[in-house]
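A.B. asks: Please see the structure below; I have some questions.
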Amino acid sequence: MKQLYSLSVIGLGKLGLCTAACFASKGFKTIGVDIDIDKITKVNKGISPIDETGLQAMLKRAKKNIMAISDYDFAILNSDITFIVVATPSLADGSFSNDYLEKSLLKIGASLKKKKKYHLVVVTSTVMPQTVETVVKYILENTSGKKCGRDFGVAYNPEFIALGSVLHDFLNPDFILIGEVNKIDGDMLEFLYTKTCENKPRFARMSPLNAEITKISLNCYITTKITFANSISALCEGVKGADASVITQALGLDTRVGSKYIKPGLGYGGPCFPRDNVAFSAFARRLEKKAKLAEMVDEVNKDQVMRVIEKINVLTERLHKPKNKTKICVLGLSYKPNTPIIEDSQAISIVQILVNEGFPVNVYDPQAQQNARGVLGTTVTYFEHIEECLSGINLAVIAVPWIEFKNINFRKLSKKTIFLDCWRILDGVKGINTYHLGVGY
Ligand SMILES: NC(=O)c1ccc[n+]([C@@H]2O[C@H](COP(=O)([O-])OP(=O)(O)OC[C@H]3O[C@@H](n4cnc5c(N)ncnc54)[C@H](O)[C@@H]3O)[C@@H](O)[C@H]2O)c1
């Protein structure tokens with residue numbers, strides 16, 4: 001039986017801390033490294049600095065196997081494999097910045113110089129294609145004075161998790177993507193994931209370049225699928241009797257299509273899909289190639305917000321009230337359920353436009369309220385309880401399919417309240433005045 005590796009994880013953010021916690025929970029000694037002292041202190045006390053489903057409990061369970069520090073030397077010298085999970089923010093041209101990555105590589109390289117044993121450096125952060133070859137290997141070789149492939153290994157191993165279900169997704173992946181310079185590095189990672197995953201994932205092993213292109217292509221494909229469903233939705237709204245939900249459900253039954261990510265709703269948002277789609281186009285431009293499909297998907301996705309606003313305007317015009325007397329409430333502000341993250345959330349864009357158009361807007365979200373305050377400030381009224389948020393409202397927009405919206409006590413509400421249920425979460429609820437996206441009325 002092979003010995004369990006010791007691991008280090010650089011960057012204890014939304015993905016890095018979950019990565020460290022998952023490995024530690026499966027018995028791997030894991031050293032987390034961050035520059036944020038507050039995060040380090042909290043992790044060492046068993047307190048999660050991040051709001052993610054199940055993370056607090058997992059950190060507690062795995063406490064004996066996880067420690068956090070800011071000292072790179074200690075982390076590299078006391079581990080066999082290092083995962084780099086620092087942020088790679090998007091630049092104006094859509095590509096990803098390597099600023100944080102380069103800073104951490106310089107430190108890892110300096111630590112590698114002091115290490116005698118072979119060490120594997122794994123990039124998990126999402127990077128532009130060609131980064132492993134031209135940036136990662138280059139910096140590590142120059143700072144350590146060692147040779148990649150002989151003295152240390154380098155691999156690209158990105159994650160396909162969704163916020164809100166990071167732990168579950170990490171432990172139950174469809175497949176593990178490994179871009180390896182050396183077979184031995186890929187073997188180490190395959191062993192590690194075989195010991196960590198709770199399912200039996202398939203492994204896609206290839207060169208780092210192919211893995212880098214695979215990562216952005218996969219998210220770009222999913223954004224295309226979501227947008228295709230929303231295009232059907234837009235079409236159906238022009239034909240009385242058409243229902244995009246019925247149509248997309250049927251499409252999903254064909255195994256060539258599949259039922260995931262094909263339903264009418266708001267456009268995609270969050271910290272991954274929009275930027276990976278745009279990065280795909282940026283990569284194509286860098287190669288002087290065209291990525292018309294990816295560009296069009298981005299454009300159609302952005303149009304989705306105005307489609308919802310137009311729908312709201314059509315519904316509220318029937319009330320024959322001025323906009324400043326038409327009370328709207330928006331339920332759900334995060335970019336998806338089960339997360340407080342509002343980055344690129346179409347729900348937030350909808351609220352901002354409604355406010356600009358002069359509507360008084362009430363908002364409620366089970367987790368994202370605090371983050372939303374940072375963006376919406378005092379332009380809206382926040383509620384801690386959903387029924388209070390709905391009280392006296394003319395039109396309620398269900399912008400995020402939080403499960404708890406199914407349990408609204410409708411008996412307390414005026415029968416005249418109009419619901420724009422963007423995600424068909426209220427299907428089956430009787431006695432309410434509901435409208436949907438993707439339906440021709
Ligand atoms: N969050 C997601 O849903 C998700 C999903 C897939 C891929 N990714 C990718 O993972 C990477 C990390 O994303 P995130 O959302 O976890 O970012 P994040 O901003 O939540 O966390 C980054 C962490 O890195 C730390 N850090 C920055 N510079 C450092 C340094 N030099 N040394 C040590 N620590 C440093 C920060 O303090 C922070 O804690 C990105 O490339 C992202 O694209 C994220």
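A.B. asks: Among the residues in segment 268-289, are any within 16 Å of the ligand (Cβ to nearest atom), at pLDDT 95 or above, within 23 Å of TYR382 (Cβ to Cβ) and touching a helix residue (DSSP H, G or I) at 6+ places or on another chain (Cβ under 6 Å)?
C.D. replies: Yes: one or more hits.
A.B. asks: Look through segment 95-119, keep the residues that are away from the ligand (no atom under 13 Å from the Cβ) and surrounded by 20 or more Cβ atoms within 10 Å (Cβ to Cβ), and return whichever of them is farthest from CYS220 (Cα to Cα).
C.D. replies: Ranking the candidates gives LEU112 first.
A.B. asks: Quickly run through segment 138-169 and pick out the residues that are within 13 Å of the ligand (Cβ to nearest atom), under 22 Å from MET128 (Cα atoms) and part of a helix (DSSP H, G or I).
C.D. replies: Correct list: ILE139 only.
A.B. asks: Would you confirm, using the coordinates I've provided, whether ASP276 is under 20 Å from the mean Cα position of the chain (by Cα) and of a type in the set (Asp, Glu)?
C.D. replies: Taking the combined requirement at face value, the residue satisfies it.
A.B. asks: Which members of segment 167-192 meet the condition of being more than 22 Å from VAL136 (Cβ to Cβ) and either free of Cβ contacts under 8 Å to residues at least 60 places away in the same chain or β-branched (Val, Ile, Thr) (or both)?
C.D. replies: Those that are more than 22 Å from VAL136 (Cβ to Cβ) and either free of Cβ contacts under 8 Å to residues at least 60 places away in the same chain or β-branched (Val, Ile, Thr) (or both): ASP169, ASN172, PRO173, ASP174, PHE175.
A.B. asks: Filter segment 111-135 for residues that are over 12 Å from LEU209 (Cβ atoms) and either without any contact (Cβ under 8 Å) to a residue 40 or more places away in the chain or aliphatic (A, V, I, L, M) (or both) and give the result.
C.D. replies: Listed by number, the residues that qualify are SER111, LEU112, LYS113, LYS115, LYS116, LYS117, TYR118, LEU120, VAL121, VAL122, VAL123, VAL135.
A.B. asks: Regarding segment 218-239, can at least one residue be identified that is outside the structural domain of CYS422 (by TED's automatic domain parsing), under 23 Å from LEU15 (Cβ atoms), in contact with a Ser or Thr (Cβ under 9 Å, 6 or more places away or on another chain) and surrounded by 16 or more Cβ atoms within 10 Å (Cβ to Cβ)?
C.D. replies: Yes, segment 218-239 has at least one match.
A.B. asks: If you don't mind, there's one more thing I want to ask. What helices (runs of 4 or more DSSP H) lie completely within segment 1-114 and have 2 or more residues being charged (D, E, K, R) and farther than 29 Å from ILE342 by Cβ?
C.D. replies: Here the list reads 99-113.
A.B. asks: Find the residue count for segment 120-135, including only residues that are among the β-branched types (Val, Ile, Thr) and within 13 Å of the ligand (Cβ to nearest atom).
C.D. replies: Looking only at that region, the number is 6.
A.B. asks: Also, I was wondering about something else. What is the one condition in (1) within 28 Å of ILE350 (Cα to Cα); (2) in contact with a Pro (Cβ under 6 Å, 6 or more places away or on another chain); (3) within 16 Å of the ligand (Cβ to nearest atom) that GLU212 does not satisfy?
C.D. replies: For GLU212, the failing item is (1).
A.B. asks: For segment 9-35, enumerate the residues that are more than 23 Å from SER334 (Cβ to Cβ) and under 23 Å from the mean Cα position of the chain (by Cα).
C.D. replies: Result: VAL9, ILE10, ALA20, PHE23, ALA24, SER25, GLY32, VAL33, ASP34, ILE35.
A.B. asks: Is there a residue in segment 48-65 that is more than 16 Å from the ligand (Cβ to nearest atom) and touching a strand residue (DSSP E or B) at 6+ places or on another chain (Cβ under 7 Å)?
C.D. replies: Yes: one or more hits.
A.B. asks: Six or more apart or on different chains, Cβ under 6 Å: which pairs go from a residue in segment 145-166 that's in contact (Cβ under 8 Å) with a residue 12 or more places away in the chain and within 19 Å of LEU12 (Cβ to Cβ) to one that's of a type in the set (Val, Ile, Thr) and away from the ligand (no atom under 11 Å from the Cβ)? Could you list them?
C.D. replies: ASN157/VAL122; ASN157/ILE178; GLY164/THR53
The values are calculated or read from the model by the stated rules, or taken from the named source; none is laboratory data. Everything numeric here is computed off the predicted structure, so don't read it as measured data. Cβ: placed from backbone, ideal geometry, glycine included. Neighbour counts: every protein chain shown.
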